[in-house]
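Heads up: the structure comes next, in C-alpha cells.
The values are calculated or read from the model by the stated rules, or taken from the named source; none is laboratory data. As the structure is a computational prediction, the values presented were derived from the model and not from experiment. Cβ placement follows ideal geometry from the backbone for every residue including glycine, while neighbour counts extend to all protein chains displayed. In case anyone asks, the SASA skips ligands and DNA or RNA and just uses the protein heavy atoms, side chains included. Shrake-Rupley method; radii C 1.70, N 1.55, O 1.52, S 1.80 Å.
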Amino acid sequence: MAEPGVLTAAQLAAQNAAAEKSGVLSNPEFAEQIQMLLALKGIDSKLEEAWQAYLAGRYDDMQAAILASNFYRNNNSVARSRLQAKASQPGAYADGLNKYGLATRKSLVASGLKMDAKLFEGLAAKAYDSGMDENQLKELIVNSGLVTGYGGAVLGDTSALKSYANSFGVNKYLDDKYWAQKSQDLFLGRTTTEDIEDEVRNLAASAFPGYSDQIKAGISVDSLASAYKGAIASVLEKDADSVTFEDPNLRAALQYVGPDGKPAVKPLWQFERELRMTPEWELTNNARTTVDNLTYKALSDMGLV
C-alpha cells in the first residue's frame with residue numbers, strides 16, 4: 001500500500017487531468033497552491049490534509065485546510081513564496097537569499113550598522129524566510145542585541161546633533177543613554193535629525209526661558225550668550241573660548257529672573273557690575289589697577305601725594 005499522498009506519475013497525471021477537467025486549474029492561484037502543497041505538505045499536517053483533499057477531488061476542503069495551516073497563518077505571501085522555493089527550487093532560493101543579503105547589507109552598512117558578518121548572515125536568512133523588508137530586518141537586528149555600534153551616516157548625524165545640542169547649552173541634560181537611543185531611532189527611521197533638533201530647541205527654551213522665542217526661531221544659545229562671554233573675558237580676564245555653559249556666571253545670566261519674578265534678559269551693564277563683585281575679579285589685573293587708582297585718588301584728595 002502506498003504512503004498517503006504519494007502517487008505514481010500516472011496517478012498524478014490522472015489527478016491533474018481530473019482537476020483540469022473540473023476547471024479549478026484554470027485559476028492561477030489554485031495552480032500555485034498545488035505546487036505549494038507538492039513542495040511543503042511534509043512540514044505541516046494541515047498542508048498534508050489539504051493535499052489529501054486535493055487527491056480526493058475535495059477542492060473546497062483543500063482550500064479550508066490550507067487556510068487553517070500554521071504555514072499559511074504564520075507567514076505572509078512573500079514568505080510563503082520563498083519557503084516554497086527553498087523546498088522545491090534550492091538554487092533559485094539560494095540566489096534570491098544571496099541578492100537579498102548583499103543588497104540589505106550594503107544599505108545597512110551605509111546607514112551605520114556595525115555587527116559580526118556571520119551573525120548578520122544568520123539574521124538575514126531568518127528575515128528572508130519570514131518575508132521581511134529592509135525596515136523589518138533593521139528591527140530584527142536591533143532587537144537581537146547583537147549590534148556593536150553605529151557608524152557611517154548615523155554616527156555622522158549623531159555627532160552633528162551633539163554639537164548642535166552643545167551650541168544650545170543643553171548637553172548636560174542629554175546623557176549617553178539618550179544619544180544611544182537617538183542613534184538607534186535614526187538607524188531604524190523612527191526619527192529624523194530635524195525631529196531631534198526640534199527636541200533640543202524645546203529643551204533649550206525651557207532651560208533659558210528668557211530667550212525662548214529666539215531659541216525656537218533657531219538662534220543658538222551660543223550666539224545669544226556671546227556678549228556675556230565677552231564680558232567675562234574682559235572683566236575676569238579669561239579666554240572667551242574657555243567659557244562654557246557650565247560657567248556659573250554665564251548660566252546665571254542666561255537664566256536671569258527680573259524684578260517681577262519672570263524670566264528676562266539680564267542687562268549687560270548689570271552683568272558686568274556683578275562680575276566686579278565676585279571673588280574672581282579681585283584676583284585680576286583689572287581689580288588691582290582699579291584699587292591702585294582709587295587709592296591714589298584718595299591720597300591725592302587728602303593732599304598726601
> Among the candidates 180, 205, which residue alone is under 19 Å from residue 159 (Cα atoms) and hydrophobic (A, V, I, L, M, F, W, C)?
Replying inline: 180
>> Quick test of your reading of the structure: residue 192 fulfils all but one of (1) over 30 Å from residue 285 (Cβ atoms); (2) exposed (fewer than 13 other Cβ atoms within 10 Å of the Cβ); (3) in contact (Cβ under 8 Å) with a residue 12 or more places away in the chain. Name the failing condition by number.
In response: (3)
>> Please go through region 38-63 and give me each residue that is outside any helix (DSSP H, G or I), open to solvent by 40 Å² or more (accessible area, probe 1.4 Å) and closer than 20 Å to residue 80 by Cα, ordered by number.
In response: 41, 42, 43
> Hey, residue 186 hits all of (1) of a type outside the set (Val, Ile, Thr); (2) loosely packed, with under 14 Cβ neighbours inside 10 Å; (3) touching a helix residue (DSSP H, G or I) at 6+ places or on another chain (Cβ under 6 Å) but one; which does it fall short on?
Replying inline: (2)
>> Just the residues that are among the polar types (S, T, N, Q) and either more than 13 Å from residue 268 (Cα to Cα) or assigned to a loop (DSSP other than H, G, I, E, B) (or both), please, taken from region 211-255.
In response: 212, 214, 220, 223, 242, 244, 255
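If I ask for residues that are touching a strand residue (DSSP E or B) at 6+ places or on another chain (Cβ under 8 Å) and surrounded by 15 or more Cβ atoms within 10 Å (Cβ to Cβ), which ones from region 139-150 would you list?
141, 147, 150
Quick grid of which residues meet (1) open to solvent by less than 50 Å² (accessible area, probe 1.4 Å); (2) closer than 25 Å to residue 207 by Cα; (3) at pLDDT 70 or above:
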residue	(1), (2), (3)
261	no, yes, yes
265	no, yes, yes
284	yes, no, yes
301	no, no, no
>> Yes or no: region 112-124 includes at least one residue that is within 18 Å of the chain's Cα centre (by Cα) and in contact (Cβ under 8 Å) with a residue 60 or more places away in the chain.
In response: yes
> Restricting attention to region 65-86, which residues are open to solvent by less than 60 Å² (accessible area, probe 1.4 Å), among the small types (Gly, Ala, Ser) and part of a helix (DSSP H, G or I)?
Replying inline: 65, 68, 79, 85
> Of (1) under 19 Å from the mean Cα position of the chain (by Cα); (2) surrounded by fewer than 13 Cβ atoms within 10 Å (Cβ to Cβ); (3) of a type outside the set (Val, Ile, Thr), residue 165 satisfies all except one. Which?
Replying inline: (2)
